[in-house]
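J.: The structure is given below, and queries will be raised subsequently.
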Amino acid sequence: MLLFLYTLLLLHQLHTKAGNTLCRMMGDPKYPLISKNGDINIGALFPVHSTETLPSFEFTQKPQPLSCSSMNLRDFRLAQIMIFAIEEINNSESLLPNVSIGYQIYDTCGSRLSTMSAIMGLMNGQEFGAGDRCIGQFPLHAIIGDSESTATVILSRTTGPFKIPVISHSASCECLGNRKDYPSFFRTTASDYHQSRALAYIIKDLGWSWVGAVNSDNEYGNYGMAIFLKIAQEEGICVEYSAKFYRTETEKLQKVVYTIKKSTAKVVVAFVSFLEMGLLIDQLSIQNITGLQMIGVKSWITSENYITPNSFRVLGGSLGFAMRKINIEGFSDYVTKAFWETAIPCLYIEGISSQYALSCRRYEDLLVLKNYNEDVTEHRYSANVYEAVYAVAHSLHSLLKCKEQEGCEKGLTIQPQQVVEALKKVNFTVKFGDRVWFDSTGATVAQYEIVNWQQNSDGSFQFKPVGHYDASLPPDQRFVLKTENIIWAGGKLQKPRSVCSESCPPGTRKATQKGRPVCCYDCIPCAEGEISNETDSNNCKQCPEEYWSNAEKNKCVLKAVEFLSFTEVMGIVLVFFSLFGVGLTLLVAILFYSKRDTPIVKANNSELSFLLLFSLTLCFLCSLTFIGRPTEWSCMLRHTAFGITFVLCISCVLGKTIVVLMAFKTTLPGSDVMKWFGPEQQRLSVLAFTLIQVLICVLWLTISTPFPYKNMKYYHEKIILECSLGSTIGFWAVLVYIGLLAVLCFILAFLARTLPDNFNEAKFITFSMLIFCAVWITFIPGYISSPGKFTVAVEIFAILASSIGLLFCIFAPKCYIILCKPEQNTKQHSGGREQSSSVVVELQ
């Protein structure tokens, strides 16, 4: 208990001491560059100078204050427009009628160190309460700035815990849209989310697929480039390299320039802050790197500082997104007269230090601009600063319950958090027509102008508007680009090409090169039967089954239909031999008919000889059914006609062979064989053998009829129009039956080979059957292995060869005797023995 009471007493004593603690500023105070007191004060941070000189840190004496140099005209104009807007409001009778707004503008020198020092100066102030005690109230109600995202991040993180509203006119980093991390941040510009997307869209629209990318190594560049790279990948844009540097990193800058120099990409996206871009332009000029199509961002693309004869040689023709150019009425005159009278006291109070005991020498580089205002209309962020000041004024107007006639309630204490909530609700229109309001992320609608660096005929330079991007419009209307108004890099009128690989023409497909981005590819011709009918096709499409790719592989055409036709060389040759065989057979038949009474014709049944000649004629003619376009009738006819005519032919030969054997067997004593195989039996045997084949063919046609068939399996590029057998068994049954008759005929003829030499028909029949069997045995492998129309040609060849073999072997010797050896055309020469002569005559 005693310990508890002691602790309470100690805490009370410490609290009492803390309440009596005096406010002391540690170190020298940081004074604003330009300031003015008012009932309500607004702070601002602008990099009015761009170069910071660090003092010596030897720790032997107190370091000197940071010094800044290199006047930054753009941000000086922004400081002027802020003061101009405040003066307008102070003179207004409708907005904060009886309340004056003061301002404190600090110079950040474009560095993080000076930015932090300026922030501390803004937050501390220089005023103390009675007795040097802290008055407990923040000296400013809002802060305008900074111009750069990195500095604004530092500012917002520092002021965030105190709920002090920060309104930036150009800090567009997407990161600042996170309301959890930056709950009191607002901006009168759009997030870089839209600018990064717009960069990808303009590159896609212009047909560039191979680009380089450079960005500042800070929040603005890193976040903006990350979004661009993501959208570019989604849109099929390849980035050859992505390099970054910061303004103080000279070695990295040199590496970036070397990367740009050795790259093959002709388009470079420069997501670079204002100050870094100046350094990059200098190095590109030194290295004489020209001909690159730069795509810029709003931070530098419309900077008058950078469009010089030297830089135009490097960046001429650059395209980029810029803030809209808005002319604020009265501002151009204000910067040459009223501003210098009210904001810079040294012009009228000579020899007297300012209220902060600063030397007037600090304004020397600013005073040079006193009578210069030609650049005023080109500063595109002026409207953003103007709107930011008015946004603060409108929020304070509502918090102070201002009324036009009665004025505002000055006695109200306004906390920074209240201003934050009021800013979320502002919705007003400024005098040049823009409506100002903040979305859920604290930003305004993205509206960009697309500008092109061009040189006029008089040698002057201009930022030529060639399009626009408006995120408030429907997606298909947001982006407008007039390419006919663009002058490209190097002063060319023709758009440069920037691709890793040239487009693949129709008939080819893209094949990505291993280890390289998807935009680097080889053009591979489509395979046979596949096409691509568009440029840069990723895949080839398979043609439908009855179609095939043309020679260019860009169109599917009907496959060529192949069959053995009468008009092609092979068909003509086969028709010729077929008709030649028919003609030859007819000549033999005529010869035999004219010599029908001679012994050589009468021998061995002349009736079978004429029937054999008739069947051979049909064999020659049936080969013609295999030529021509297959139809249902031709498919049924060709195999059945072939089978029946050949069986008829073999049956006749078989009959003649049996007659020969029987004739000589009758010469044996007591033999009466011939009475069992007379002319009637010969006719019946031929008919019986033929009817069996007819029955086989009828069954074949009944069970499974041959039909025309489009064979697309053997050849991919063409259709083989052939006759499907219908039933393979039926086809081979026909062939096997013909083969059995031929073998039987061969065996019988072979047995008759020992008959008298002058009666040699059995030998010729043996030889003819040998040729017949040899032809059809070799036909089987040839038929199976021959492709397409050659299958039909092989079958026709087998028919013609076997038919000609029978014709020549059986009838050629007899024709020879009839025509060349008529003296041998006697009974004695037709039979070897006298006994057989009577038999031969009897068989006639």
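The values are calculated or read from the model by the stated rules, or taken from the named source; none is laboratory data. Here the structure is a predicted model, which is why all the values come from computation and not from measurement. Counting neighbours? That spans all protein chains shown, and the Cβs are built from the backbone with ideal geometry, glycine included. Calculation scope for accessible area: heavy atoms of the full protein, side chains included, ligands and nucleic acids excluded. Shrake-Rupley method; radii C 1.70, N 1.55, O 1.52, S 1.80 Å.
J.: Restrict the check to the range 445-461 and report whether at least one residue is closer than 17 Å to residue 190 by Cβ, among the small types (Gly, Ala, Ser) and in contact (Cβ under 8 Å) with a residue 12 or more places away in the chain.
T.: For the range 445-461, residues closer than 17 Å to residue 190 by Cβ, among the small types (Gly, Ala, Ser) and in contact (Cβ under 8 Å) with a residue 12 or more places away in the chain: present.
J.: Within the range 614-635, how many residues are touching a residue at least 12 places away in the same chain (Cβ under 8 Å), out of contact with any strand residue (DSSP E or B) (no Cβ under 8 Å at 6 or more places or on another chain), on the phi < 0 side of the Ramachandran plot and surrounded by fewer than 23 Cβ atoms within 10 Å (Cβ to Cβ)?
T.: Of the residues in that region, 6 qualify.
J.: I've got another one for you. Within the range 456-471, can you find the residues that are within 20 Å of residue 324 (Cβ to Cβ) and among the polar types (S, T, N, Q)?
T.: Matches in the range 456-471: 462 only.
J.: Criterion first (assigned to a loop (DSSP other than H, G, I, E, B), under 21 Å from residue 387 (Cα atoms) and in contact with a helix residue (DSSP H, G or I) (Cβ under 6 Å, 6 or more places away or on another chain)) does residue 78 satisfy it?
T.: Spelling it out, it is not the case that residue 78 is assigned to a loop (DSSP other than H, G, I, E, B), under 21 Å from residue 387 (Cα atoms) and in contact with a helix residue (DSSP H, G or I) (Cβ under 6 Å, 6 or more places away or on another chain).
J.: May I pose another question? What pairs can you find where one residue is in the range 709-736 and under 19 Å from residue 564 (Cβ atoms), the other is part of a loop (DSSP other than H, G, I, E, B) and open to solvent by 50 Å² or more (accessible area, probe 1.4 Å), and their Cβ atoms are less than 7 Å apart, with a gap of 6+ or different chains?
T.: 712/545; 717/528; 719/546; 720/714; 721/629
J.: Next question, about the same structure. May I ask you to list the residues in the range 519-557 that are touching a Ser or Thr at 6+ places or on another chain (Cβ under 8 Å) and open to solvent by 100 Å² or more (accessible area, probe 1.4 Å)? Full working, then the answer.
T.: Taking the range 519-557 first, the residues touching a Ser or Thr at 6+ places or on another chain (Cβ under 8 Å) are 519-526, 528-532, 535-537, 539-541, 543, 553-557.
Those that are touching a Ser or Thr at 6+ places or on another chain (Cβ under 8 Å) and open to solvent by 100 Å² or more (accessible area, probe 1.4 Å): 528, 539, 541, 555.
J.: Report yes if some residue within the range 178-187 is within 27 Å of the chain's Cα centre (by Cα) and assigned to a loop (DSSP other than H, G, I, E, B); otherwise report no. Steps first, please.
T.: Filtering the range 178-187 down to residues within 27 Å of the chain's Cα centre (by Cα) leaves none.
The answer is no; no qualifying residue exists.
J.: Working only within the range 36-66, note down all residues that are part of a strand (DSSP E or B) and at pLDDT below 90.
T.: 49, 50, 51, 52, 53
J.: Anything in the range 202-231 that is within 18 Å of residue 496 (Cβ to Cβ) and outside any loop (DSSP other than H, G, I, E, B)? List them, or say none.
T.: Scanning the range 202-231 gives 202, 203, 204, 205, 210, 211, 212, 213, 214.
J.: Residue 534 fails exactly one of the following numbered conditions: (1) over 30 Å from residue 450 (Cβ atoms); (2) within 16 Å of the chain's Cα centre (by Cα). What is the number of that condition?
T.: Single failed check for residue 534: (1).
J.: If you don't mind, there's one more thing I want to ask. Regarding residue 198, is this residue under 25 Å from residue 153 (Cβ atoms), crowded, with 17+ Cβ neighbours inside 10 Å, modelled with pLDDT of 95 or more and under 26 Å from the mean Cα position of the chain (by Cα)?
T.: Here the answer is no, as residue 198 does not meet what is asked.
J.: In addition: For the range 416-448: of the residues being over 39 Å from the mean Cα position of the chain (by Cα) and among the charged types (D, E, K, R), which is least open to solvent (accessible area, probe 1.4 Å)?
T.: This residue is 434.
J.: What pairs come out if I take residues in the range 563-589 that are closer than 17 Å to residue 642 by Cβ and pair them with residues that are not in a helix (DSSP H, G or I) whose C-beta lies under 8 Å away, six or more apart or interchain?
T.: Listed by first residue and then by second, the contacts come to 564/627; 564/628; 574/564; 574/627; 575/566; 575/627.
J.: Could you say which residue among 66, 54, 78, 73 is of a type in the set (A, V, I, L, M, F, W, C) and touching a Ser or Thr at 6+ places or on another chain (Cβ under 6 Å)? I'd like the intermediate steps shown before the answer.
T.: Details: 54 fails: touching a Ser or Thr at 6+ places or on another chain (Cβ under 6 Å); 78 fails: touching a Ser or Thr at 6+ places or on another chain (Cβ under 6 Å); 73 fails: touching a Ser or Thr at 6+ places or on another chain (Cβ under 6 Å).
After applying the criteria, what remains is 66.
J.: I would also like to ask the following. What residue, of 276, 304, is outside any helix (DSSP H, G or I) and charged (D, E, K, R)?
T.: 304
J.: Report, by residue number, each residue of the range 151-174 that is in a helix (DSSP H, G or I) and over 23 Å from residue 324 (Cα atoms).
T.: Step one: of the range 151-174, the residues in a helix (DSSP H, G or I) are 151-162, 174.
Matches in the range 151-174: 151, 153, 154, 155, 156, 157, 158, 159, 160, 161, 162.
J.: Here's a follow-up. When residues of the range 765-794 are filtered for being part of a helix (DSSP H, G or I), at pLDDT below 85 and open to solvent by less than 60 Å² (accessible area, probe 1.4 Å), how many remain? Show your work before the answer.
T.: Just the residues of the range 765-794 that are part of a helix (DSSP H, G or I), to begin with: 765-785, 789-794.
Okay, now just the ones that are also at pLDDT below 85, so 765-785, 789-791.
Now restrict to residues that are open to solvent by less than 60 Å² (accessible area, probe 1.4 Å): 765-766, 768-769, 771-776, 779, 782-783, 789, 791.
Matching residues across the range 765-794 total 15.
J.: If I go through the range 232-249 residue by residue, how many of them are open to solvent by 90 Å² or more (accessible area, probe 1.4 Å) and assigned to a helix (DSSP H, G or I)? Explain how you work it out, then say what you get.
T.: Taking the range 232-249 first, the residues open to solvent by 90 Å² or more (accessible area, probe 1.4 Å) are 233-234, 244, 248.
Pick out the ones that are also assigned to a helix (DSSP H, G or I) and you get 233-234.
Number satisfying all stated conditions: 2.
J.: Still on this model: In the range 450-487, which residue that is open to solvent by 60 Å² or more (accessible area, probe 1.4 Å) and in contact with a Gly (Cβ under 7 Å, 6 or more places away or on another chain) is farthest from residue 201 (Cα to Cα)?
T.: 455
For (1) at pLDDT below 95; (2) open to solvent by 20 Å² or more (accessible area, probe 1.4 Å); (3) in contact with a Cys (Cβ under 7 Å, 6 or more places away or on another chain), each residue gets a yes or a no:
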| position | (1), (2), (3) |
| --- | --- |
| 109 | yes, no, yes |
| 119 | yes, no, no |
| 128 | yes, yes, yes |
| 150 | yes, no, no |
